[in-house]
Amino acid sequence: MKKQLKHTISHHDPVHDSAIKHVQGTTVYIDDMPAQTGELQAWLVTSPVAKGKIKSIETGEAQMIPGVHCIITAREIPGGNQMGPVFHDEPCLADGHVHCIGQAIALIAADTFEIAHHAASLVKLDIEPETPILTIDEAIQHNSRLQPERRIERGDPDGVLHSCKHVLHGQFHSGGQEHWYLETQICLAVPGENDEMTCYSGTQHPSETQAVVAEVLGIGRNQVVVETRRLGGAFGGKETQANHLAAWASLLAAKTRKPVRLRLTRDMDQSITGKRHRFQSDWKIGFDDDGHIQSYTVIFNADAGYASDLTMAILERAMLHAENAYFIPNIRIIGNTWKTNLPSNVAFRGFGQPQGLAVIENAIDMMARFLNKEPNDIRKINFYGIHDRNTAPYGATIKENRLALIHEKIIHSSEYISRKKLVDDFNNFNHDVKRGIALIPVKFGISFTTAFLNQAGALVHIYADGSVQVNHGGIEMGQGLNLKMLQVAAAELGVSIERIKITPTNTSKVPNTSATAASSGSDLNGMAVKNAMDQLKTRIKSIAPEILEELFPGKKVLPENVVIENDSIFDSTQKEVCCGFEEFCSKAYLKQTHLSAAGYYRTPDIWFDRPKGVGKPFHYYTYGMSVSEVEVNLLTGRVKLVRADLVEDAGDSINPMIDKGQVIGGFVQGLGWVTTEDIKWNKEGKLLNASPDTYKIPTISDVPVELNVELLENAYNDNTIRGSKAVGEPPFPMAVSAWLAIKYAIASIKNHKAEPMLSIPATNEEVVLAVQRMNEAAE
Ligand code: MTE
Ligand code: MOS
């Protein structure tokens, strides 16, 4: 593959294909699609109790309301009552028992949303309540395990901890997080002939949505088409949960034989959908006087909610990133998953990695305070090595390690050392407002850890007029995937992007796809698009001599000299022997050339042996670092991010503008997780803050005034599409530096001689409590 070196952010990078439409408000989301003839609106009847036995569901009164077309309960499901993506433990509609508040019990289709909503309130539920399990501690107490424990181990962690000069230990908590995509969950299901069903679904995973719809309807997947043009944000929240809406809408559409639209209101969406998994982790770390980590043990306890969903894969990613950027010779990572009576928790940007990373970064922060050393010196001496100390706890070699390089770069560009002195000076002269500064590294493994998911397809058509249509299996959710695929398609074929159109993702065009997730959307689909283009180029090149020789009588053209570049096909040895792409395509068509190709790609050489906890689960790693400086008001707990510096290794970026947007977006979303986003349940398991007035996501005013974002230069990555690297999730955990900076500010109260007790998120309230504990702490 040719090296493409492109260092600077160019103002000529093509802009996001929806940018103008978003600004004008003309983007067509599913709810903007015009109503279909006879279309019905749907609503749900959900459980008001967190755990209980359903004694009766009375729908009589609701059925009588004029405009109600049908009500469906578990008994009316023609196929399997299942929506679990991996394990079959998530019923489509509650049957016999309910397991969380908000679990769907019945579905209603009516002429209008208001009628459906009103009818839902008339369905009488008799549920005998049982005592719910609402916290990880309660789940552990009742041994409410989801799946058996998982383990990754190397060396002799206990023996070495025993003989270490210093050992620190603790329990670390990180909270859940609501996705807060702007477009709430939605599906429009349109019945066709016989059993056919077409779903316009807001899904990150059309093939799985198709499979779940087929399963609940009891039909083959070949009867179901799922189409998705774009999502108004997803962040993992539509990786599995969009299946639910599609299954529910399809059941109603199949029964009524009418199109059915089901969309959730914001409050309903926030109340009934799953969140980021909260983690409670018990850790011990052993080290010497210099801060060399000799042994680390950690037990992750993840709150799964009531069903499996992707919890095991999320736990696995947390475990595979437990050591973050550090070589730890003796290590044991245990993963437990616990069932609680809350909505089943789901994928969320980072997919467990941030939860795993936060535990060790907090431990290192504590080590530094304990040893009275600069935390970055400790980080640096423990970084993975380049030639040795470079194997992960699961046995894989950490390749193309750019940690030391990025560290040196960011320490310099962020002026970390001089600014830290200023922070200390500031703290010496200010009593009620303190500042803090911190750096963290991020190492992020790229690939689905479930190896078979690392495959993708594409379908490319060249029409006789020279216009090109590209279909791929990935989903555009704001991250710019379609633009990147457009750029890849144009560059690989040798034509301009104006010639190409990307069509909505559709399961009948590209089948058996994986979710657009694990940040691998452009890696996988990009390679599949390239594969399709390679096939087409071969065909173009074989017919080219005939076409060119006809156009230029007397010239001899050899297939190996044919080049496609700048929208023309020419002989590289005699450049005047050239034909424009349009003319060429019409001639190729007349000469009966197959101008359509299905591309395919699967990531080579990845595997993971779960029982043994060893393997090579990732195609490659991305690296990034961030430095955050915060100002904390000790009286109100208000945190202000003063400045952040972010360096990300995006390989040879396909679109640096898009990638910088991902770095900023990921970081700011991470900021929400570590500071303001706090999910509160009451004693009955009811979500108390299900709307934006009580749940605070970061806004533009939370973005620091000084935000320096840099993509690493000369970072070409071998064996990926055009030398690029994935960038969707890795920037998220960079926000943990802001959280560590808050700790630093609080620790300055006692001149860094006592350890602040702080969890994620460090909300205003938590900060005030931590300040209070610090004021009471002995030095
Ligand atoms: N960016 C935007 N604007 N909207 C999103 O929903 N999802 C994130 C990330 N960036 C998301 C986003 C998540 S969770 C993932 S896994 C990746 O994008 C998925 O897209 P990719 O694989 O093409 O990077
Ligand atoms: Mo992203 S959490 O892998 O959808």
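The values are calculated or read from the model by the stated rules, or taken from the named source; none is laboratory data. Only a predicted model underlies this, so the values are computations on that prediction, with no experimental measurement involved. Here the Cβ positions follow ideal geometry from the backbone for every residue, glycine too, while neighbour counts run over all protein chains shown. The protein model used for the area step is the full one, side chains on, heavy atoms only, and it has no ligands, DNA or RNA in it. Shrake-Rupley method; radii C 1.70, N 1.55, O 1.52, S 1.80 Å.
Note: relative contact order over the range 296-401, using C-alpha pairs below 8 Å and six or more positions apart, is 32 percent. The modelled label-to-label distance for the pair residue 600/residue 126, using points 7 Å beyond Cα in the direction of Cβ, is 5.6 nm. With q set to 0.10, 0.15, 0.21, 0.22 Å⁻¹, the log10 of I(q)/I(0) for the range 388-517, from the Debye formula over equal scatterers at the Cα positions, is -0.64, -0.90, -1.17, -1.22. Each label was represented as a point 7 Å from its Cα along the Cα-to-Cβ direction; for residue 555 and residue 707 these points are 5.2 nm apart.
Relative contact order (percent) for the range 485-628, with alpha-carbon contacts under 8 angstrom and 6 or more residues of separation? Walk me through the numbers on the way to the answer.
Details: 148 pairs, mean separation 32.7, N = 144.
Here the relative contact order equals 23 percent.
Once the chain from residue 381 to residue 572 is taken as fully extended at 0.36 nm per residue, the excess over their C-alpha distance is 63.4 nm.
Sorted from greatest to least, the principal axis extents spanned by the alpha carbons of the range 622-779 come out as 55, 41, 26 Å.
Average the reciprocal distances over every distinct pair of alpha-carbons in the range 197-326, invert the result, and give the Kirkwood radius in Å.
On the way: mean 1/r = 0.0569 Å⁻¹.
About 17.6 Å, per the Kirkwood formula over Cα pairs.
Among the listed pairs 284/683; 380/443; 21/484; 443/743; 640/686; 660/725, give every one whose C-alpha distance is greater than 24 Å. Those over the limit are 284/683; 640/686. Per residue, the convex hull spanned by the Cα atoms of the chain measures out at 163 cubic angstrom. Residue order by solvent-accessible surface for 601, 623 is 601, 623, largest first, with ligands and nucleic acids left out and a 1.4 Å probe.
For the range 568-600, backbone nitrogen atoms closer than 16 Å to the point 7 Å from residue 512 Cα along Cα-to-C-beta are found at 598-600.
The alpha-carbon of residue 555 sits under 23 angstrom from the alpha-carbons of these lysines, leaving out residues fewer than 8 places away in its chain: 537, 541, 575, 587, 591.
Evaluate 2.2 N^0.38 Å with N set to the residue count of the range 290-389, then give the Cα radius of gyration divided by it.
Details: Rg = 15.4 Å, N = 100, 2.2 N^0.38 = 12.7 Å.
Normalised by 2.2 N^0.38 Å, the Cα Rg of the range 290-389 equals 1.22.
Straight Cα distances below 18 angstrom link residue 238 to the aspartates and glutamates 31, 90, 178, 183, 208, 227, 267, 269, 309, 476, 729, with same-chain residues fewer than 8 positions distant left out.
The aspartates and glutamates whose alpha-carbon is closer than 13 Å to the alpha-carbon of residue 124, local same-chain residues fewer than 8 away aside, are 58, 61.
Which shape class, rounded, prolate or oblate, goes with the range 599-697 when its Cα gyration tensor gives a ≥ b ≥ c as root eigenvalues, a/c under 1.5 marks rounded, and past that a/b bigger than b/c marks prolate? Oblate shape, in that a/c is at least 1.5 and b/c is the bigger or equal ratio.
What FRET efficiency would be calculated for the residue pair residue 265, residue 163, taking the C-beta separation as r and a Förster radius of 56 Å, to the nearest 0.05? It would help to have the intermediate numbers written out before the result.
Working: r = 59 Å, r/R0 = 1.05.
The value I calculate is 0.45.
Here r is the Cβ-Cβ distance between residue 491 and residue 145 and R0 is 41 Å; the resulting FRET efficiency, rounded to 0.05, is 0.25.
Surface listing: 131, 676 arranged by accessible area from highest to lowest gives 131, 676, probe 1.4 Å. Projecting the Cα atoms of 544, 606, 519 onto the dipole axis of the chain, where Lys and Arg carry +1 and Asp and Glu carry -1 at the beta carbon, places 606 farthest toward the positive end.
Take each of the peptides 41-49, 417-425, 213-221, average the number of other beta-carbon atoms within 10 Å over its residues, and list them starting from the highest.
Ranked by mean Cβ neighbours within 10 Å, highest first: 41-49, 213-221, 417-425.
Rounded to the nearest percent, how much of the accessible area of the chain (1.4 Å probe, protein heavy atoms only) is carbon and sulfur?
Details: 15500 of 29890 Å².
About 52 percent, which is the carbon plus sulfur part of the accessible surface.
Computed extension length for residue 56-residue 87: 8.4 nm, one decimal, from 0.36 nm per residue of separation with the Cα-Cα distance subtracted. The alpha carbons of the range 354-396 give a radius of gyration and a Dmax of 12.1, 33 Å, in that order.
In terms of packing, defined here as the mean over residues of other Cβ atoms within 10 angstrom, the peptides 572-578, 156-162 line up highest first as 156-162, 572-578.
With all pairs of separate Cα atoms included, the range 245-290 yields a Kirkwood hydrodynamic radius of 15.1 Å.
From largest accessible area down, sort 190, 86; use a 1.4 Å probe on the protein chains. Walk me through the numbers before you get to the answer.
On the way: 190 30, 86 95 Å².
Accessible-area ranking of 190, 86, largest first: 86, 190.
Computed from the Cα positions only, the extents of the range 163-250 along the three principal axes stand at 73, 30, 18 Å, in decreasing order.
Mind ranking 90-97, 296-303 by how tightly packed they are, going by the mean number of other C-beta atoms within 10 angstrom, highest first?
Working: 90-97: 19.4, 296-303: 23.5.
Going from most to least packed, we get 296-303, 90-97.
Average accessible surface for the chain: 38 Å² per residue, computed with a 1.4 Å probe over protein heavy atoms with every protein chain in place.
Could you grab the relative contact order for the range 1-134? Cα pairs under 8 Å, six or more apart, rounded to a whole percent. Write down the numbers at each step before the final one.
Numbers: 199 pairs, mean separation 48.6, N = 134.
Relative CO of the range 1-134 lands at 36 percent.
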